[in-house]
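Here the structure comes first, spelled out in structure tokens, and everything after it is commentary.
Where a number appears in this text, it was derived from the coordinates with a stated rule and is not lab data. Predicted model only: the values in this text are computed from it and were never measured. All Cβ positions, even for glycine, are placed from backbone atoms using ideal geometry, and neighbour counts span all protein chains on display.
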Amino acid sequence: MTSQMSDPAISLETPVRAPSSVPVDDAVIPFEVSALDLRGRLTRLGPALDELLVRHDYPAPVAKLLGEAVVLTTLLGSSLKFDGRFILQTQTDGPVSFLIVDFRAPARLRAYARFDQARLGDALDSGALLGRGHLAMTIDQGPDMSRYQGLVALEGGSLEDAAHEYFLRSEQIPTRVRLAVGEEWRRDGNGPKRGWRGGGMLLQFLPKAPERARQADLDPGDAPPDGSAAHTVAEDDAWVEGQSLIGTVEDIELIDPDLSGERLLYRLFHERGVRVFPPQALQAQCSCSRDAVEAMLKSFAPQDRSGMVKDGKVAVTCEFCSSVYEFTPQQAGAE
């Protein structure tokens, strides 16, 4: 494994070292397997994910699903090269009708899910929890820049399935994603301790030679109406190998607190050689503030603000972090 570099254009003189055995939580590790023209990111989430999920005391199936959305968002949002936002959001007809994860580059995460307790089952997978609807991925570059949004239909599949469909149809980059979330139980001086952990890997085939980047037409493609066979393109051997390798990753490997990210990458790609770059730290941090909430209240019509007064005050609760902001009617402009 090569030493960590800040610039992906690593020179041939880059020294080789053994993978670090020290696990790093709440971080994304970019990596490259140049022999196969593969680039990717590995994320490991511990305390930050636990903080996001325990704030609302979600039922376990909902927490696991929202955790998967957080992992996917870190894999995608951490690629932003500017101080913008990456927002992942679903709206569906399933028991979890709405979820949102907001990543503010370079490191801040917040998340929230809305669900129907009566419709939750004991063993629903992520596809059944989501149901049918759509997933939106939005890149917000700032107030003076246009937004970019990609939509993916959700038809009972998992978030991994949706991510694959997004890259196939929107980015047209051969991509594979693995997501894993689970609860960890550990014993310390105060007894058993419970916490949520998550991990994920994104792998992409980015060949330098243009002719190797060709893909088959998306259905229905340009096939003639006379029943002729559709045009096909054989998958590149390097990408076949890459898919095979990421397909061997088990959930426990992605969330194991004792297995470092570098050791996992070495385990997968050591025969081809893997280069890692400096980890990008992540943290659970809401962007709400008293000033922002007060400005939001004053954007409403006076009669609407007056209707918010209860027991002589106006109280606003942040859906993301559950912080409560209280104002007098005068402060809220509700007189």
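Taking the Cβ-Cβ separation of residue 187 and residue 311 as r and a Förster radius of 51 Å, what is the calculated FRET efficiency to the nearest 0.05?
0.70
Separation between the residue 283 and residue 93 pseudo-spin-labels, each 7 Å from Cα along Cα→Cβ, expressed in nm?
In this crude label model, residue 283 to residue 93 measures out at 4.3 nm.
Which percent of the Cα-Cα distances in the chain go past 29 Å?
Looking at the chain, the distances longer than 29 Å represent 47 percent of pairs.
About the Cα centre of the chain, how large is the charge dipole given +1 on each Lys and Arg Cβ and -1 on each Asp and Glu Cβ? Please answer in debye to the nearest 20.
In debye, rounded to 20, the chain gives about 900.
Contour minus end-to-end for residue 125 and residue 34, with contour as 0.36 nm per residue of separation and end-to-end as the Cα-Cα distance?
Difference between extended and current length: 29.2 nm.
What is the extension gain from residue 300 to residue 54, computed as 0.36 nm multiplied by their sequence separation minus the C-alpha to C-alpha distance, in nm to one decimal?
The residue 300-residue 54 span can extend by a further 85.4 nm.
Reported to two decimal places, what Rg/Rh ratio describes the range 290-332 when computed on Cα atoms with Rh from the Kirkwood expression?
0.94
With unit charges on the beta carbons (Lys and Arg positive, Asp and Glu negative) and the dipole taken about the Cα centre of the chain, which residue among 270, 317, 252 sits farthest to the positive side?
It is 317.
Given R₀ = 51 Å, what would the calculated FRET efficiency be for residue 290 paired with residue 234, taking r from the Cβ atoms and rounding to 0.05?
Once the sixth-power term is evaluated, E becomes 0.30.
Taking the Cα centre of each part, how many Å lie between the range 114-181 and the range 15-63?
19 Å
Mind checking the angle between helix 237-246 and the chain's longest principal axis? C-alpha axes, 0 to 90 degrees, to the nearest 10.
50 degrees
Give me the extension gain from residue 330 to residue 170: residue separation times 0.36 nm, minus the current Cα-Cα distance, reported in nm with one decimal.
Answer, rounded to one decimal: 52.7 nm.
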